[in-house]
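Below is one structure, written out as C-alpha coordinates, with a few remarks after it.
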Ligand SMILES: NC(=O)c1ccc[n+]([C@@H]2O[C@H](COP(=O)([O-])OP(=O)(O)OC[C@H]3O[C@@H](n4cnc5c(N)ncnc54)[C@H](O)[C@@H]3O)[C@@H](O)[C@H]2O)c1
(Lines give C-alpha, C1' and ligand atoms only; values in the text may rest on other atoms or scores of the structure.)
Protein backbone atom coordinates (compact mmCIF):
# COMPACT_ATOMS: atom_id res chain seq x y z
CA UNK A 1 0.00 0.00 0.00
CA UNK A 2 1.29 3.49 -0.84
CA UNK A 3 2.67 5.60 1.98
CA UNK A 4 0.22 8.09 3.44
CA UNK A 5 1.57 11.62 3.36
CA UNK A 6 0.81 14.91 5.09
CA UNK A 7 2.07 18.47 5.02
CA UNK A 8 2.16 20.83 8.00
CA UNK A 9 2.64 24.55 7.37
CA UNK A 10 3.43 26.34 10.64
CA UNK A 11 4.84 24.32 13.53
CA UNK A 12 4.20 26.80 16.36
CA UNK A 13 2.18 26.32 19.53
CA UNK A 14 -0.79 24.66 17.80
CA UNK A 15 1.17 23.27 14.84
CA UNK A 16 3.08 21.08 17.31
CA UNK A 17 -0.22 19.58 18.48
CA UNK A 18 -1.25 18.95 14.88
CA UNK A 19 2.04 17.18 14.27
CA UNK A 20 1.51 14.89 17.26
CA UNK A 21 -1.87 13.85 15.85
CA UNK A 22 -0.44 13.43 12.34
CA UNK A 23 2.40 11.22 13.56
CA UNK A 24 -0.16 8.65 14.71
CA UNK A 25 -1.81 8.49 11.29
CA UNK A 26 0.59 9.30 8.44
CA UNK A 27 3.76 7.56 7.20
CA UNK A 28 5.58 10.64 5.94
CA UNK A 29 5.11 14.25 7.02
CA UNK A 30 6.68 17.36 5.55
CA UNK A 31 6.91 20.26 7.99
CA UNK A 32 7.34 23.85 6.80
CA UNK A 33 8.32 26.64 9.18
CA UNK A 34 10.52 29.72 8.90
CA UNK A 35 11.80 28.95 12.39
CA UNK A 36 14.66 26.40 12.46
CA UNK A 37 13.99 25.56 16.11
CA UNK A 38 10.46 24.51 15.24
CA UNK A 39 11.81 22.24 12.49
CA UNK A 40 14.41 20.74 14.85
CA UNK A 41 11.63 20.00 17.35
CA UNK A 42 9.59 18.30 14.60
CA UNK A 43 12.54 16.08 13.65
CA UNK A 44 13.13 15.09 17.26
CA UNK A 45 9.47 14.30 17.67
CA UNK A 46 8.92 12.39 14.42
CA UNK A 47 12.36 11.03 13.48
CA UNK A 48 12.48 9.40 10.05
CA UNK A 49 8.88 10.24 9.22
CA UNK A 50 9.73 13.95 9.06
CA UNK A 51 11.19 16.01 6.27
CA UNK A 52 11.43 19.78 6.63
CA UNK A 53 11.54 23.00 4.63
CA UNK A 54 12.07 26.61 5.66
CA UNK A 55 9.63 27.98 3.09
CA UNK A 56 6.44 26.90 1.37
CA UNK A 57 8.00 27.96 -1.96
CA UNK A 58 10.65 25.26 -1.54
CA UNK A 59 7.94 22.61 -1.19
CA UNK A 60 5.89 24.03 -4.06
CA UNK A 61 8.90 23.96 -6.41
CA UNK A 62 8.79 20.16 -6.59
CA UNK A 63 5.28 19.28 -5.54
CA UNK A 64 3.37 16.03 -5.25
CA UNK A 65 -0.03 16.50 -3.56
CA UNK A 66 -0.28 15.21 0.02
CA UNK A 67 -3.17 13.21 1.41
CA UNK A 68 -3.80 16.25 3.58
CA UNK A 69 -2.18 19.66 4.11
CA UNK A 70 -2.58 21.29 7.52
CA UNK A 71 -2.38 25.08 7.57
CA UNK A 72 -1.36 26.31 11.05
CA UNK A 73 0.47 29.56 10.35
CA UNK A 74 -1.08 32.91 11.29
CA UNK A 75 -4.65 33.87 10.34
CA UNK A 76 -3.91 36.30 7.49
CA UNK A 77 -1.73 33.61 5.81
CA UNK A 78 -4.32 30.79 5.90
CA UNK A 79 -6.16 31.47 2.64
CA UNK A 80 -3.07 32.52 0.62
CA UNK A 81 -1.39 29.27 1.78
CA UNK A 82 -4.42 27.18 0.76
CA UNK A 83 -4.59 28.88 -2.65
CA UNK A 84 -0.84 28.46 -3.30
CA UNK A 85 -1.11 24.74 -2.52
CA UNK A 86 -4.28 24.37 -4.58
CA UNK A 87 -2.56 25.87 -7.60
CA UNK A 88 -0.21 22.86 -7.49
CA UNK A 89 -3.00 20.30 -7.15
CA UNK A 90 -3.37 19.92 -3.36
CA UNK A 91 -6.95 18.90 -2.62
CA UNK A 92 -7.53 18.24 1.09
CA UNK A 93 -6.93 20.75 3.89
CA UNK A 94 -7.10 21.00 7.65
CA UNK A 95 -7.05 24.71 8.49
CA UNK A 96 -6.62 26.45 11.80
CA UNK A 97 -9.11 29.05 12.91
CA UNK A 98 -9.71 31.74 11.85
CA UNK A 99 -10.30 30.18 8.43
CA UNK A 100 -9.81 33.57 6.77
CA UNK A 101 -9.30 37.23 7.55
CA UNK A 102 -12.03 38.50 5.21
CA UNK A 103 -15.68 37.61 4.77
CA UNK A 104 -15.21 37.22 1.02
CA UNK A 105 -12.53 34.57 1.51
CA UNK A 106 -14.58 32.81 4.21
CA UNK A 107 -17.41 32.60 1.66
CA UNK A 108 -15.27 31.48 -1.28
CA UNK A 109 -12.66 29.09 0.03
CA UNK A 110 -14.87 26.08 0.82
CA UNK A 111 -16.38 26.08 -2.67
CA UNK A 112 -12.92 26.54 -4.21
CA UNK A 113 -11.70 23.46 -2.34
CA UNK A 114 -14.81 21.43 -3.19
CA UNK A 115 -14.75 22.47 -6.85
CA UNK A 116 -11.25 21.00 -7.06
CA UNK A 117 -12.58 17.73 -5.62
CA UNK A 118 -11.10 18.28 -2.16
CA UNK A 119 -12.24 18.45 1.44
CA UNK A 120 -11.89 21.09 4.13
CA UNK A 121 -11.82 20.64 7.89
CA UNK A 122 -11.46 23.63 10.24
CA UNK A 123 -9.92 23.08 13.66
CA UNK A 124 -12.78 24.59 15.64
CA UNK A 125 -11.88 21.92 18.15
CA UNK A 126 -14.86 22.14 20.46
CA UNK A 127 -17.11 20.94 17.63
CA UNK A 128 -15.21 17.67 17.52
CA UNK A 129 -14.82 17.35 21.30
CA UNK A 130 -17.24 15.73 23.71
CA UNK A 131 -18.65 19.11 24.77
CA UNK A 132 -21.59 19.80 22.42
CA UNK A 133 -23.09 16.31 22.62
CA UNK A 134 -22.24 16.02 26.32
CA UNK A 135 -23.92 19.30 27.26
CA UNK A 136 -27.04 18.50 25.24
CA UNK A 137 -27.23 14.98 26.68
CA UNK A 138 -27.03 16.25 30.27
CA UNK A 139 -29.62 18.95 29.50
CA UNK A 140 -31.99 16.33 28.05
CA UNK A 141 -31.48 14.00 31.03
CA UNK A 142 -32.62 16.83 33.32
CA UNK A 143 -35.50 17.94 31.07
CA UNK A 144 -34.17 21.47 30.87
CA UNK A 145 -35.91 22.38 27.60
CA UNK A 146 -34.14 24.58 25.07
CA UNK A 147 -30.84 26.28 25.74
CA UNK A 148 -31.63 30.02 25.85
CA UNK A 149 -28.25 31.70 26.05
CA UNK A 150 -24.49 31.40 26.36
CA UNK A 151 -22.37 34.10 28.02
CA UNK A 152 -18.61 34.44 28.35
CA UNK A 153 -16.87 37.09 30.46
CA UNK A 154 -13.18 37.40 31.18
CA UNK A 155 -9.88 39.18 30.83
CA UNK A 156 -7.48 39.56 27.91
CA UNK A 157 -8.56 36.58 25.80
CA UNK A 158 -9.31 38.35 22.47
CA UNK A 159 -12.73 38.16 20.89
CA UNK A 160 -11.18 36.93 17.63
CA UNK A 161 -8.58 34.52 18.98
CA UNK A 162 -10.61 32.82 21.71
CA UNK A 163 -14.08 34.31 21.34
CA UNK A 164 -14.45 32.46 18.02
CA UNK A 165 -14.38 29.10 19.85
CA UNK A 166 -17.29 30.13 22.08
CA UNK A 167 -19.24 31.64 19.18
CA UNK A 168 -18.82 28.34 17.38
CA UNK A 169 -19.81 26.29 20.42
CA UNK A 170 -22.93 28.44 20.92
CA UNK A 171 -23.83 28.03 17.23
CA UNK A 172 -23.42 24.26 17.42
CA UNK A 173 -25.48 24.07 20.64
CA UNK A 174 -28.26 26.28 19.27
CA UNK A 175 -28.22 24.19 16.09
CA UNK A 176 -28.38 27.27 13.85
CA UNK A 177 -26.29 30.25 12.79
CA UNK A 178 -26.87 33.69 14.35
CA UNK A 179 -29.24 36.12 12.65
CA UNK A 180 -27.67 39.43 13.76
CA UNK A 181 -24.73 40.91 15.65
CA UNK A 182 -23.82 44.10 17.50
CA UNK A 183 -20.34 44.78 18.84
CA UNK A 184 -18.18 47.37 20.55
CA UNK A 185 -14.53 46.42 20.16
CA UNK A 186 -11.08 47.91 20.64
CA UNK A 187 -7.71 46.36 19.93
CA UNK A 188 -4.45 46.91 21.78
CA UNK A 189 -0.99 45.99 20.65
CA UNK A 190 -0.63 42.96 22.93
CA UNK A 191 -1.07 39.89 20.70
CA UNK A 192 1.52 37.35 21.92
CA UNK A 193 1.82 35.86 18.41
CA UNK A 194 2.97 39.10 16.78
CA UNK A 195 2.55 42.83 17.29
CA UNK A 196 1.02 43.15 13.82
CA UNK A 197 -1.96 41.06 14.94
CA UNK A 198 -4.97 42.62 16.67
CA UNK A 199 -6.15 41.60 20.13
CA UNK A 200 -9.79 42.57 20.62
CA UNK A 201 -11.46 43.48 23.89
CA UNK A 202 -15.01 44.73 24.33
CA UNK A 203 -18.32 43.02 23.69
CA UNK A 204 -20.07 41.06 20.98
CA UNK A 205 -23.76 40.16 21.07
CA UNK A 206 -25.20 37.62 18.68
CA UNK A 207 -28.94 36.99 18.31
CA UNK A 208 -30.26 33.63 17.18
CA UNK A 209 -33.79 32.70 16.10
CA UNK A 210 -36.22 32.23 18.97
CA UNK A 211 -34.68 34.99 21.11
CA UNK A 212 -31.55 32.98 21.95
CA UNK A 213 -28.35 34.90 22.54
CA UNK A 214 -24.60 34.53 22.71
CA UNK A 215 -22.68 37.38 24.40
CA UNK A 216 -18.99 37.70 25.10
CA UNK A 217 -17.14 40.41 27.05
CA UNK A 218 -13.34 40.41 27.26
CA UNK A 219 -11.23 43.03 29.09
CA UNK A 220 -7.69 43.67 27.91
CA UNK A 221 -6.71 45.18 31.27
CA UNK A 222 -7.48 42.02 33.21
CA UNK A 223 -5.45 38.80 33.28
CA UNK A 224 -8.33 36.69 34.59
CA UNK A 225 -9.50 33.56 32.72
CA UNK A 226 -13.03 33.63 31.38
CA UNK A 227 -16.27 32.45 32.99
CA UNK A 228 -18.50 30.50 30.62
CA UNK A 229 -22.19 30.08 31.39
CA UNK A 230 -25.08 28.31 29.67
CA UNK A 231 -28.65 29.33 30.54
CA UNK A 232 -31.82 27.30 30.41
CA UNK A 233 -35.20 28.48 31.77
CA UNK A 234 -34.48 27.16 35.27
CA UNK A 235 -30.88 25.97 35.16
CA UNK A 236 -27.36 27.20 34.66
CA UNK A 237 -24.36 25.36 33.25
CA UNK A 238 -20.76 26.36 33.85
CA UNK A 239 -17.79 25.25 31.80
CA UNK A 240 -14.41 25.36 33.52
CA UNK A 241 -11.14 25.93 31.62
CA UNK A 242 -10.26 22.22 31.93
CA UNK A 243 -13.54 21.13 30.27
CA UNK A 244 -15.35 20.31 33.50
CA UNK A 245 -19.03 21.04 33.08
CA UNK A 246 -21.26 21.71 36.09
CA UNK A 247 -25.04 21.89 35.92
CA UNK A 248 -27.02 23.64 38.66
CA UNK A 249 -30.79 23.77 38.79
CA UNK A 250 -33.24 25.97 40.68
CA UNK A 251 -35.35 24.82 43.57
CA UNK A 252 -38.54 23.25 42.13
CA UNK A 253 -40.95 24.35 44.85
CA UNK A 254 -39.72 27.94 44.58
CA UNK A 255 -40.47 27.86 40.83
CA UNK A 256 -43.95 26.38 41.49
CA UNK A 257 -44.69 29.14 44.01
CA UNK A 258 -43.40 31.94 41.79
CA UNK A 259 -43.58 30.71 38.17
CA UNK A 260 -42.99 34.07 36.40
CA UNK A 261 -39.64 34.22 34.60
CA UNK A 262 -39.03 37.60 36.24
CA UNK A 263 -39.07 35.96 39.71
CA UNK A 264 -35.50 34.79 39.29
CA UNK A 265 -33.69 32.68 41.85
CA UNK A 266 -30.21 31.25 42.20
CA UNK A 267 -29.59 27.94 40.47
CA UNK A 268 -27.79 26.34 43.40
CA UNK A 269 -28.56 22.64 43.30
CA UNK A 270 -25.61 21.02 41.48
CA UNK A 271 -26.91 17.91 39.72
CA UNK A 272 -23.96 17.14 37.45
CA UNK A 273 -20.23 17.78 37.31
CA UNK A 274 -17.91 15.91 34.97
CA UNK A 275 -15.25 16.58 32.42
CA UNK A 276 -16.80 16.66 28.95
CA UNK A 277 -13.74 17.44 26.79
CA UNK A 278 -13.31 13.89 25.62
CA UNK A 279 -15.70 12.16 23.24
CA UNK A 280 -17.56 9.06 24.53
CA UNK A 281 -14.73 7.04 22.91
CA UNK A 282 -12.23 8.94 25.10
CA UNK A 283 -10.75 11.08 22.31
CA UNK A 284 -9.85 14.77 22.29
CA UNK A 285 -11.49 16.98 19.69
CA UNK A 286 -8.27 17.10 17.68
CA UNK A 287 -7.85 13.32 17.67
CA UNK A 288 -11.47 12.96 16.57
CA UNK A 289 -10.90 15.56 13.83
CA UNK A 290 -7.82 13.76 12.47
CA UNK A 291 -9.55 10.38 12.49
CA UNK A 292 -12.24 11.94 10.30
CA UNK A 293 -9.52 13.33 8.04
CA UNK A 294 -7.71 9.99 7.79
CA UNK A 295 -10.98 8.23 6.99
CA UNK A 296 -11.58 10.81 4.22
CA UNK A 297 -14.97 11.72 5.72
CA UNK A 298 -16.38 15.19 5.03
CA UNK A 299 -18.13 17.01 7.83
CA UNK A 300 -21.65 18.25 7.02
CA UNK A 301 -20.96 21.68 8.50
CA UNK A 302 -17.33 22.76 8.41
CA UNK A 303 -17.85 25.94 10.46
CA UNK A 304 -17.13 28.41 7.63
CA UNK A 305 -20.14 30.45 8.79
CA UNK A 306 -18.48 30.93 12.19
CA UNK A 307 -15.44 32.45 10.43
CA UNK A 308 -17.73 34.84 8.59
CA UNK A 309 -19.90 35.66 11.64
CA UNK A 310 -16.85 36.50 13.75
CA UNK A 311 -15.61 38.92 11.07
CA UNK A 312 -19.11 40.44 10.89
CA UNK A 313 -18.71 41.54 14.53
CA UNK A 314 -15.57 43.51 13.61
CA UNK A 315 -17.50 45.23 10.82
CA UNK A 316 -20.49 45.87 13.16
CA UNK A 317 -18.23 47.51 15.72
CA UNK A 318 -16.52 49.69 13.16
CA UNK A 319 -19.82 50.75 11.57
CA UNK A 320 -21.54 51.21 14.93
CA UNK A 321 -24.50 49.24 13.54
CA UNK A 322 -26.43 46.04 14.14
CA UNK A 323 -25.73 43.80 11.17
CA UNK A 324 -28.09 41.09 9.98
CA UNK A 325 -26.32 37.83 9.25
CA UNK A 326 -25.07 36.66 6.87
CA UNK A 327 -24.00 40.22 6.07
CA UNK A 328 -25.30 41.97 2.99
CA UNK A 329 -22.32 42.78 0.80
CA UNK A 330 -24.04 45.99 -0.30
CA UNK A 331 -23.71 47.25 3.31
CA UNK A 332 -20.29 45.88 4.22
CA UNK A 333 -16.94 45.70 2.43
CA UNK A 334 -16.60 41.92 2.51
CA UNK A 335 -13.18 42.14 0.85
CA UNK A 336 -11.70 44.00 3.78
CA UNK A 337 -8.89 42.06 5.46
CA UNK A 338 -8.52 42.09 9.25
CA UNK A 339 -5.34 41.41 11.14
CA UNK A 340 -6.63 38.53 13.26
CA UNK A 341 -5.19 35.19 14.24
N1 LIG B 1 -7.77 25.69 17.41
C2 LIG B 1 -7.13 26.11 18.48
O3 LIG B 1 -7.49 25.76 19.61
C4 LIG B 1 -5.96 27.03 18.32
C5 LIG B 1 -5.05 27.22 19.38
C6 LIG B 1 -3.94 28.04 19.17
C7 LIG B 1 -3.78 28.66 17.93
N8 LIG B 1 -4.69 28.49 16.94
C9 LIG B 1 -4.54 29.16 15.63
O10 LIG B 1 -3.45 28.55 14.95
C11 LIG B 1 -2.73 29.53 14.19
C12 LIG B 1 -1.28 29.53 14.67
O13 LIG B 1 -1.24 29.92 16.02
P14 LIG B 1 -0.03 29.56 16.99
O15 LIG B 1 -0.47 29.87 18.36
O16 LIG B 1 0.46 28.18 16.70
O17 LIG B 1 1.03 30.64 16.52
P18 LIG B 1 2.60 30.53 16.67
O19 LIG B 1 3.13 31.91 16.44
O20 LIG B 1 2.95 29.79 17.91
O21 LIG B 1 2.99 29.59 15.43
C22 LIG B 1 2.95 30.00 14.09
C23 LIG B 1 4.09 29.27 13.40
O24 LIG B 1 4.05 29.62 12.01
C25 LIG B 1 5.37 29.88 11.60
N26 LIG B 1 5.34 30.73 10.43
C27 LIG B 1 5.11 32.07 10.36
N28 LIG B 1 5.17 32.48 9.08
C29 LIG B 1 5.41 31.38 8.32
C30 LIG B 1 5.58 31.18 6.92
N31 LIG B 1 5.51 32.18 6.04
N32 LIG B 1 5.81 29.90 6.52
C33 LIG B 1 5.90 28.89 7.39
N34 LIG B 1 5.76 29.04 8.71
C35 LIG B 1 5.52 30.26 9.18
C36 LIG B 1 6.05 30.54 12.79
O37 LIG B 1 7.46 30.45 12.73
C38 LIG B 1 5.46 29.71 13.94
O39 LIG B 1 6.26 28.57 14.23
C40 LIG B 1 -3.45 30.84 14.42
O41 LIG B 1 -4.36 31.07 13.38
C42 LIG B 1 -4.19 30.62 15.73
O43 LIG B 1 -5.36 31.40 15.86
C44 LIG B 1 -5.75 27.68 17.13
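The values are calculated or read from the model by the stated rules, or taken from the named source; none is laboratory data. All figures in this text were calculated on a predicted structure; none of them were measured in a lab. Neighbour counts run over all protein chains shown; Cβ positions are idealised from the backbone, glycine included.
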Just the residues that are within 14 Å of the ligand (Cβ to nearest atom) and assigned to a strand (DSSP E or B), please, taken from the stretch 56-99.
69, 70, 71, 93, 94, 95
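Within the stretch 113-140, track down each residue that is away from the ligand (no atom under 16 Å from the Cβ) and out of contact with any strand residue (DSSP E or B) (no Cβ under 9 Å at 6 or more places or on another chain).
Of the stretch 113-140, the ones away from the ligand (no atom under 16 Å from the Cβ) are 113-119, 133-140.
Scanning the stretch 113-140 gives 115, 116, 117, 133, 136, 137, 140.
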Determine whether residue 106 is more than 9 Å from the ligand (Cβ to nearest atom), under 30 Å from residue 330 (Cβ atoms) and crowded, with 16+ Cβ neighbours inside 10 Å.
yes
Taking the condition within 23 Å of residue 97 (Cα to Cα), part of a helix (DSSP H, G or I), in contact with a strand residue (DSSP E or B) (Cβ under 7 Å, 6 or more places away or on another chain) and not assigned by TED's automatic domain parsing to the domain that holds residue 193, does residue 38 pass?
no
Given the conditions (1) over 17 Å from the mean Cα position of the chain (by Cα); (2) over 29 Å from residue 233 (Cβ atoms); (3) at pLDDT 95 or above, report the number of the one that residue 73 does not fulfil.
(1)
Would you check which residues across the stretch 34-55 are touching a residue at least 24 places away in the same chain (Cβ under 8 Å) and either under 17 Å from residue 291 (Cα atoms) or within 13 Å of the ligand (Cβ to nearest atom) (or both) and list them?
35, 38, 39, 41, 42
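Out of 262, 225, report the one residue that is touching a residue at least 40 places away in the same chain (Cβ under 8 Å) and part of a loop (DSSP other than H, G, I, E, B). So that I can check it myself, show each step before the final result.
Details: 262 fails: touching a residue at least 40 places away in the same chain (Cβ under 8 Å).
Of the residues listed, the single one that is touching a residue at least 40 places away in the same chain (Cβ under 8 Å) and part of a loop (DSSP other than H, G, I, E, B) is 225.
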Within the stretch 318-337, does at least one residue satisfy the condition of being in contact with a helix residue (DSSP H, G or I) (Cβ under 7 Å, 6 or more places away or on another chain) and within 16 Å of the ligand (Cβ to nearest atom)?
yes
(1) over 28 Å from residue 238 (Cα atoms); (2) surrounded by fewer than 21 Cβ atoms within 10 Å (Cβ to Cβ); (3) more than 16 Å from the ligand (Cβ to nearest atom); (4) at pLDDT 95 or above all hold for residue 292 apart from (3)
